[in-house]
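Worksheet: one structure, shown below.
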Amino acid sequence: MNPRLRNILVVVAIFLAGVVTGSVNSIGLAERRAEHRLRVDNLRSTLMDILRSELELTPEQVSRVEPLVAQACEQYRALTLETVQRVAQLVQDTNRRIGRELTPEQAARLTRLEAERQQQVRRKLDQDYLKKDFLGD
């Protein structure tokens with residue numbers, strides 16, 4: 001291959017690799033920022049920031065609106081915990097019914113898969129995070 005053509009192809013490959021890497025990193029950063037903004041422990045302060053800036057609330061309005069937002073966040077927390085518990089029960093019941101249709105080896109694999117899923121959920125939700133400092137601030 002012509003050395004000049006090879007050098008051009010190397011430069012193009014490096015450029016494309018940079019574009020792909022930059023895109024992936026940008027998407028990941030945007031997702032992390034959105035996730036951070038919407039995390040429950042940031043919900044109350046995020047909502048209040050939005051209301052203050054977008055509605056230009058007066059200090060008096062802030063003092064009256066903030067307890068309403070705090071109450072809604074507490075209800076959201078309770079609903080989230082209830083939903084997590086109900087989904088866990090649904091999965092457990094479904095796995096029990098599925099297990100009746102499986103061979104012992106398949107049932108063992110299902111048990112391992114469920115343990116892995118539960119571990120992922122625990123990591124994602126972190127029970128301490130759900131129970132304390134759930135609303136931040």
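Among residues that are part of a helix (DSSP H, G or I), open to solvent by 50 Å² or more (accessible area, probe 1.4 Å) and at pLDDT below 90, Glu105 is not included.
Might you let me know whether segment 40-62 holds any residue that is modelled with pLDDT under 85, closer than 21 Å to Lys124 by Cα, of a type in the set (Asp, Glu) and under 28 Å from the mean Cα position of the chain (by Cα)? Among the residues of segment 40-62, at least one is modelled with pLDDT under 85, closer than 21 Å to Lys124 by Cα, of a type in the set (Asp, Glu) and under 28 Å from the mean Cα position of the chain (by Cα), which makes the answer yes.
Residues that are charged (D, E, K, R) and more than 30 Å from the chain's Cα centre (by Cα) within segment 87-110 comprise Arg100, Glu101, Glu105, listed in sequence order.
The values are calculated or read from the model by the stated rules, or taken from the named source; none is laboratory data. Everything quoted here is computed from the prediction, not taken from an experiment. Ligands, DNA and RNA are stripped out before the accessible areas are found, and what is left, the full protein with its side chains, is counted by its heavy atoms. Shrake-Rupley method; radii C 1.70, N 1.55, O 1.52, S 1.80 Å.
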